[in-house]
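Notes for the one structure printed next.
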Amino acid sequence: MTTLFGRKYDRRTLLDRVGDMSQLAGARKAELVEGNERGADLIEVFNASGLCFSVLPGRALDIASAHYKGMSLCFRSSTGDVGPAFYEPQGNGWLRGFFGGLVTSCGLTFTGHPEVDPEEENEELGLHGRLAFLPAKNVVANADWEDDQYVVRIHGKMREAVVFGTNLELTREISTVLGEKSIHIFDRIENLAVDPSPLMFVYHTNPGFPLLDSGARLLINSEKTTEWLEDREVGPDIYAVASPPQPQARDDVFVHRPIADADGNVHVGLVNDGLGLGLYWQFPIAEIPLVNHWQHFHRGAYVTGVEPGNVSMLGRAWNRKAGYLTYIQPGEVRTFHLEIGVLDGAEEISAFERKLRGERE
């Protein structure tokens, strides 16, 4: 059964009421042809639940925008959906193509500020790695019935490779179910090279206005949280509540070591009580042990980052010292599962908070 507009429908009942299922859910491919967006391309996903989002095949199948009932769920930067040909790998050039969006993928061999790792490449590694600018191949966007559920699925492959070195392939599937308010991402990374490779993989998700506003609350169970400059431990009073836009630019970054539930899943939320709107993130702690949390509350670039990953965003040296830097062996496969969903109304927000407290429904 599918729940839509406050009622339950089976497959036959829905088909009796529409000429084509694209009236209720679907994915459409389009080509971006103007300016520096050329080459990013576009897959628009529509769900009658109120959730709509855009995927960029030319940019690692990342999710460049997302809306729920007309409200943006994410920050959109001034760069637009820059195509992969305009990538600037040196230093902080990554920022010239950082559209923000609901999901920007970071990795696959490096995340963090520009850094030289003398134990590996011994060359400058640019901001947050190359993954976000890798175009996907074998891209399929499809919508169809799977038993009694109507499911939209997007699938494709990206490869980060260099002759005589790295050869990592990422296979990504993004899906959403008609009537539901969530997006599921399944990523499979395989090392096709003959040598081990560092694996640094982070989902840079970027909530923005109107979800992000003064007083918006981050909800997370964290065993330990440290700030980025002195690596000292801090509490929720420092990071949990968003400030209004500030006149001076400032970045704060926190690294959370989240606590999983009895099933091994981590739950993180960002809620705006005034709007009655929230986002949640769910993922297995065995795959994703850290949540990076970025705050940039400057006027005109008002954004926060909730960034689950297998490493922190603080680079090779920090992760090596902290014991989070891992290597993927030749022929090895690693998988990552991430669910991002909407909390609609005070009742759903309260239920999520009870779940975080470990209370049974």
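The values are calculated or read from the model by the stated rules, or taken from the named source; none is laboratory data. Remember, predicted model here, so these are calculated numbers, not experimental data. Because the Cβ atoms are built from the backbone with ideal geometry, glycine has one as well, and the counts that use them run over all protein chains shown.
Test SER49 against the stated conditions and say whether it is crowded, with 23+ Cβ neighbours inside 10 Å and more than 18 Å from LEU131 (Cβ to Cβ). So SER49 passes the test. The residues of the stretch 29-68 that are acidic (Asp, Glu) and either in contact with an Asp or Glu (Cβ under 8 Å, 6 or more places away or on another chain) or not in a strand (DSSP E or B) (or both), listed by number, are GLU31, GLU34, GLU37, ASP41.
Looking only at residues in the stretch 278-329 that are touching a Leu at 6+ places or on another chain (Cβ under 8 Å) and in a loop (DSSP other than H, G, I, E, B), the one that is farthest from GLY101 (Cα to Cα) is TYR324. Elements of the type strands (runs of 3 or more DSSP E) sitting completely within the stretch 215-277 and holding at least 3 residues that are hydroxyl-bearing (Ser, Thr, Tyr): these cover 222-227.
Filtering the stretch 194-232 to residues that are among the hydroxyl-bearing types (Ser, Thr, Tyr) and either touching a residue at least 40 places away in the same chain (Cβ under 8 Å) or in contact with a Lys or Arg (Cβ under 9 Å, 6 or more places away or on another chain) (or both) leaves SER197, TYR203, THR205, SER222, THR225, THR226. Out of ARG17, ARG12, one residue alone is part of a loop (DSSP other than H, G, I, E, B) and free of Cβ contacts under 8 Å to residues at least 12 places away in the same chain. It is ARG17.
Considering each residue of the stretch 138-171, count those that are among the hydrophobic types (A, V, I, L, M, F, W, C), without any contact (Cβ under 8 Å) to a residue 60 or more places away in the chain and part of a strand (DSSP E or B), and give that number. Going through the stretch 138-171 one residue at a time, the tally reaches 3. For GLN90, are the conditions met, namely being within 18 Å of ALA143 (Cβ to Cβ) and not aliphatic (A, V, I, L, M)? No, not satisfied. Somewhere in the stretch 84-105, is a residue surrounded by 15 or more Cβ atoms within 10 Å (Cβ to Cβ), at positive phi and in a strand (DSSP E or B)? Within the stretch 84-105 (the criterion being surrounded by 15 or more Cβ atoms within 10 Å (Cβ to Cβ), at positive phi and in a strand (DSSP E or B)), the answer is yes, since at least one residue qualifies. Within the stretch 323-336, residues that are surrounded by 15 or more Cβ atoms within 10 Å (Cβ to Cβ) reach partners that are in a loop (DSSP other than H, G, I, E, B) and of a type outside the set (Ser, Thr, Tyr) with beta carbons closer than 6 Å, at six or more positions or on different chains, in the pairs TYR324/VAL311; PHE336/GLU287.
Of all residue pairs spaced 6 or more apart or on separate chains, those with beta-carbon atoms under 9 Å, a first member in the stretch 234-259 that is in contact (Cβ under 8 Å) with a residue 24 or more places away in the chain and at negative phi and a second member that is loosely packed, with under 15 Cβ neighbours inside 10 Å and acidic (Asp, Glu) are VAL255/ASP231; HIS256/GLU223; ARG257/GLU223; PRO258/GLU223; ILE259/GLU223. Scanning the stretch 126-160 for residues that are in contact with a strand residue (DSSP E or B) (Cβ under 9 Å, 6 or more places away or on another chain) and of a type in the set (Phe, Trp, Tyr), we see that the one that is surrounded by the most Cβ atoms within 10 Å (Cβ to Cβ) is TYR150. Annotation: of all residues in the stretch 172-181 being in contact (Cβ under 8 Å) with a residue 60 or more places away in the chain and not hydrophobic (A, V, I, L, M, F, W, C), the one that is surrounded by the most Cβ atoms within 10 Å (Cβ to Cβ) is THR176. Restricting attention to the stretch 52-74, the residues that are closer than 27 Å to TYR9 by Cα and surrounded by fewer than 23 Cβ atoms within 10 Å (Cβ to Cβ) total 7. Of all residues in the stretch 337-361, those being touching a residue at least 12 places away in the same chain (Cβ under 8 Å) and either out of contact with any Asp or Glu (no Cβ under 7 Å at 6 or more places or on another chain) or not in a strand (DSSP E or B) (or both) number 16.
Return yes when ASP195 is surrounded by fewer than 16 Cβ atoms within 10 Å (Cβ to Cβ), in a helix (DSSP H, G or I) and at pLDDT 95 or above and no when it is not. Spelling it out, it is not the case that ASP195 is surrounded by fewer than 16 Cβ atoms within 10 Å (Cβ to Cβ), in a helix (DSSP H, G or I) and at pLDDT 95 or above.
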